[in-house]
Amino acid sequence: DARELAPRDATEIDRRLSQELVDRFLAAGAQVIFVGPNTGLGGPPGRVKPLAHHDNHLHVRLVQE
């Protein structure tokens, strides 16, 4: 039916594109990004943090100036 579905686990994510998204959020000034511990995504400690139960999505916290 061509509907998008969330990945069932970390093995189904496109790590290259996901890391690029994380990097772009960081460059845009994201304060903190929470990623699943099994995703292989990373960034500066304290700004990209692993969080349980987030292997199929991430959260981004932006600071309003």
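The values are calculated or read from the model by the stated rules, or taken from the named source; none is laboratory data. All figures in this text were calculated on a predicted structure; none of them were measured in a lab. Note that we place each Cβ from the backbone using ideal geometry, even for glycine, and neighbour counts take in every protein chain shown. To get the accessible areas, we keep the full protein, side chains included, count just its heavy atoms, and leave off ligands, DNA and RNA. Shrake-Rupley method; radii C 1.70, N 1.55, O 1.52, S 1.80 Å.
Within segment 43-59, count every residue that is open to solvent by less than 50 Å² (accessible area, probe 1.4 Å) and modelled with pLDDT of 95 or more.
2
Name the single residue, out of those in segment 26-36 being open to solvent by less than 80 Å² (accessible area, probe 1.4 Å) and not hydrophobic (A, V, I, L, M, F, W, C), that is farthest from HIS57 (Cα to Cα).
Going through the qualifying residues, I end up with GLY29.
Every residue in segment 1-25 that is farther than 24 Å from GLY46 by Cα, of a type in the set (A, V, I, L, M) and either open to solvent by 80 Å² or more (accessible area, probe 1.4 Å) or in contact with a Cys (Cβ under 6 Å, 6 or more places away or on another chain) (or both), please.
ALA2, LEU5
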